């Protein structure tokens, strides 16, 4: 059996890497966008994965030549910013299914015009079910034949032809723009930049801990955003709000010193200790052994989320984004 301090050290390291301090991000990876497809619930008859699969729309067999022609035609329609009128044939955990020629398309719930589609699970299921059989005006926003991926958007079909293409080529990484929040979901928020929507991932909302995007943003709110990445071919725009503000970890070693007494608010209590926020985006760990003298069963016997505490700084490591604290002030 591992020594208790070693075990706690492993847990601490794992916590930091998974959900502790915000990690620096220099580029946008595919994982930034995966939540668009994976998000959702209620798939009583859906397969184990929720990406669309190609499938015939009639009883006639579909040849590889038919599939290739249909993918090529879909690319042409996407390049011309065309709008398709398709009937919703079903739904899965992430949104609605539609069929076009020999291909099955997927409309993520976040790309539907229906408001509050994500707010309540039972309401979400009801809203998705009610739209089955209805004809939707849709634009293709992503094509990847190798992954059998045909993604469409009802929201994107709301603007005039050509507007989105122009914006996607005019907007550049590093631009600071104004956007209007159009949709808030568990994994972030969408902002309309004047005809094209960008995604502000939850990790890009604040340098601090964010429980849910709705804690910071509201639909219809106007926000300033920093453009991280633009991918015209997949009509993706990655946005950030936190990058408009300095990273507090970049200067932490110049603004605080070991031994200094600071005030903070407990933000999270875990088995191996508690985290305290000393300023927005800057959290320190109070290890189990630094919470109090004597024996106690769990850190929650000493502190609770929301408590204001005075703590002494034990260690500072801005590069690793770690701050060690103690409630033992002597």
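We did not get these values from a lab; they are worked out from the coordinates using the rules stated. What you see is a predicted model, and the numbers here were worked out from it, not measured in a lab. Note that we place each Cβ from the backbone using ideal geometry, even for glycine, and neighbour counts take in every protein chain shown.
Protection proxy ranking of 160-167, 77-84, 221-228, by the mean of other Cβ atoms within 10 Å over each peptide's residues and highest first, is 221-228, 77-84, 160-167. Considering only Cα atoms, the convex hull volume of segment 247-326 works out to 80 Å³ per residue. With both labels modelled 7 Å from their Cα along Cα-to-Cβ, the residue 122 to residue 315 distance reads 4.9 nm. In this calculation the C-beta distance from residue 144 to residue 85 is compared with R0 = 22 Å, giving a FRET efficiency of 0.45. In plain terms, the chain from residue 212 to residue 253 could stretch by 11.8 nm, reckoned as 0.36 nm per residue minus the Cα-Cα distance. Between residue 77 and residue 296, the FRET efficiency estimated from the beta carbon spacing at R0 = 56 angstrom works out to 0.30. Per-residue extension of 0.36 nm, minus the Cα-Cα distance of residue 263 and residue 163, leaves a gain of 31.0 nm for this segment.
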